[in-house]
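Data first, discussion second: the structure below is written as structure tokens.
Just so it is clear, none of the values below were taken in a lab; they were calculated from the coordinates. Computed from a prediction, not measured in an experiment: that's the story for all the values here. Here the Cβ is made from the backbone with ideal geometry for all residues, glycine too, and neighbour counts use every protein chain on show.
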Ligand code: PEP
Ligand code: MN
């Protein structure tokens with residue numbers, strides 16, 4: 001075996017995805033080191049952040065259909081398919097030594113596997129199925145627990161790996177069931193070994209497109225395939241979130257996007273569709289599905305059992321040595337630079353869009369102070385026309401004796417107000433260990449001005465894959481803002497919006513000086529959307545309104561504004577908090593201000 005590849009999959013040792021990686025690379029004479037990560041999203045962010053050379057995601061199952069989550073991740077992150085693998089998923093019921101089928105009361109299994117084994121599971125009248133994040137985890141937990149009443153549905157190979165015995169064989173409702181996987185690599189700097197891979201003559205292309213709800217739309221889109229004699233190998237649809245009458249279509253075609261006929265068909269679909277994302281072209285699987293238990297799917301040199309997380313956290317520069325050696329792109333901000341995405345980024349936070357021509361207003365208190373305060377503010381800003389709710393729970397205060405925020409209690413109250421009003425939420429994270437827990441509860445993470453150059457924190461929010469609002473440091477140059485954003489994107493997280501919130505100048509009349517000129521400059525330099533926070537910039541309630549108007553007129557993508565039910569009583573930043581009435585008036589007035597368009601600017 002030659003070239004060494006580090007490849008990520010979701011799960012732990014024994015997962016089907018791991019078997020797929022081993023089989024796919026072995027068939028190409030390549031040695032692969034597989035590393036399990038906890039989620040599909042982390043597979044995508046590991047690739048986009050160049051922490052792995054390759055990865056795998058399940059995208060379809062013969063019984064359950066499309067795994068939409070993974071298709072959507074491919075559209076979201078800079079990861080592209082290079083190959084397809086079909087694997088027969090032969091599920092066996094595995095238990096601890098000495099257990100028998102009649103002992104079993106609980107069956108741990110991946111949700112897809114539960115769906116594939118419905119008849120078998122209902123035959124175990126005494127047992128209930130418990131969903132588990134992956135097959136390897138199911139087997140590992142049974143082994144660790146040592147309890148004869150708990151079993152796992154897993155491939156035969158997991159029995160040896162975890163010292164389990166087979167209680168029942170071939171548990172899938174249909175023995176022909178299989179899953180379809182895509183082998184992936186980072187989209188931008190691919191390592192040498194993968195660049196040298198020969199592509200086969202049998203290629204496939206995967207795409208996602210959205211169509212407006214109108215008679216004949218789909219037929220017209222598909223007619224382009226027929227006209228170009230391109231075979232459609234998969235078509236599935238779902239309603240489009242936030243646009244219930246439109247539909248998203250998940251489509252696979254035979255052929256490579258670079259083939260003339262396929263390119264012609266794609267061009268036709270592009271004309272019909274509202275959006276079209278070509279996920280990439282890759283080698284199609286040839287022949288029968290791989291057998292999970294057979295030698296062609298099980299590496300002969302399986303590495304010793306290790307906890308997969310250790311691989312990740314022990315290496316400060318990410319997973320793979322090969323990935324780290326990839327050639328560095330030349331531009332200073334290759335991922336943030338406008339050139340890399342001339343049409344601009346839209347950051348999607350729940351159903352809210354930041355960028356793309358929308359003017360997004362975020363309102364809420366500086367700090368969450370109580371359930372009543374945050375709920376009343378949420379309702380008032382929503383009624384006025386805000387589409388997101390802000391609220392600090394961990395507050396970066398100049399004095400250690402000033403109110404520091406309610407911490408996790410504040411986060412829970414903010415999340416509750418968000419759920420009650422349907423407004424996506426944003427709150428600041430100050431430390432790395434807050435990132436994961438905050439991301440689980442709020443929709444967007446805020447990096448405050450004081451942390452704009454806390455590089456380890458930037459990397460952590462980058463790895464989270466969660467939408468991030470990056471505020472400009474009060475003494476940061478535009479170059480430094482762009483560099484800070486590059487840190488987040490370089491970890492594989494493209495969901496970043498910037499926020500101009502005033503810089504420190506010699507002027508003392510206002511809290512900071514709102515750098516309005518940063519908006520057109522940033523527009524030119526980066527594709528990331530830009531919000532303006534006039535509250536922290538000017539610091540004085542009565543001057544916020546004119547700056548809101550100016551921000552829209554100069555081309556900001558929206559505003560972040562502090563609002564309080566009773567500003568003089570606010571526990572932080574009371575001088576700048578708007579009353580509900582002031583806020584509503586500003587939102588009304590903004591409707592009369594045109595948003596600067598940069599469409600005609602030659603960049
Ligand atoms: C805030 O928005 O709550 C805040 C503290 O702002 P900044 O980091 O811009 O000072
Ligand atoms: Mn504040």
**OP:** State the percent of C-alpha pairs, over all pairs in the stretch 490-603, separated by a distance greater than 16 angstrom.
**Re:** 62
Original post:
Relative contact order (percent) for the chain, with alpha-carbon contacts under 8 angstrom and 6 or more residues of separation?
Top reply: 13
Subject >> MRE, 222 nm, helices only [DSSP H, n ≥ 4, -39500 (n - 2.57), over the chain, to nearest 500] >> reply: -9000 deg cm²/dmol
**OP:** Please give the per residue volume of the convex hull enclosing the alpha carbon atoms of the stretch 471-511, rounded to a whole number of Å³.
**Re:** 55
Subject >> Exposure proxy ranking, count of Cβ atoms within 10 Å, fewest first, for 291, 22, 166 >> reply: 166, 291, 22
**OP:** Per residue, how big is the convex hull around the C-alpha atoms of the stretch 483-539? Give it to me in cubic angstrom, could you?
**Re:** 84
Original post:
How would you classify the stretch 540-603 from its alpha-carbon gyration tensor, with a ≥ b ≥ c the square roots of the eigenvalues: rounded for a/c under 1.5, else prolate if a/b is greater than b/c, otherwise oblate?
Top reply: prolate
Original post:
Of all the Cα-Cα pairs you can form in the stretch 434-473, what percent are over 13 Å apart?
Top reply: 45
Original post:
What do you get when you divide the Cα radius of gyration of the stretch 33-134 by 2.2 N^0.38 Å, with N the number of residues?
Top reply: 1.31
**OP:** Quick one: compute a quarter of the convex hull surface over the Cα atoms of the stretch 418-557 and quote it in nm².
**Re:** 8.7
Subject >> Taking only Cα atoms of the stretch 144-280, radius of gyration then Dmax in Å >> reply: 21.3, 60
Subject >> Translational diffusion of the stretch 88-130, µm² s⁻¹ [Kirkwood Rh, Cα pairs; Stokes-Einstein; 10 °C; 1.306 mPa s] >> reply: 145
Original post:
Separation of the stretch 532-551 and the stretch 471-505 by C-alpha centroid, Å?
Top reply: 20
**OP:** Can you check how the C-alpha radius of gyration of the chain compares to 2.2 N^0.38 Å, as a plain ratio?
**Re:** 1.05
Original post:
Taking neighbour counts of Cβ atoms within 10 Å as a proxy for exposure, in what order, fewest first, do 335, 169 appear?
Top reply: 169, 335
**OP:** Can you tell me the alpha carbon radius of gyration of the stretch 1-82 divided by the globular rule-of-thumb value 2.2 N^0.38 Å?
**Re:** 1.05
Subject >> Convex hull (Cα only) mean projected area of the stretch 330-406, reported in nm² to one decimal >> reply: 8.0
Original post:
So, in Å, what gap is there between the alpha-carbon centers of the stretch 46-81 and the stretch 182-238?
Top reply: 14
Original post:
By average Cβ neighbour count within 10 Å, what is the ranking of 422-434, 9-21 from highest down?
Top reply: 9-21, 422-434
Original post:
Taking every eigenvalue of the Cα gyration tensor of the stretch 219-288, multiplying by 5 and rooting it, what semi-axes result, largest first, whole Å?
Top reply: 22, 15, 11
Original post:
From Cα coordinates alone, what are the radius of gyration and Dmax values for the stretch 172-246 in angstrom?
Top reply: 17.7, 48
Subject >> Ranked list, fewest to most other Cβ atoms within 10 Å of each Cβ, for 86, 522, 253 >> reply: 86, 522, 253
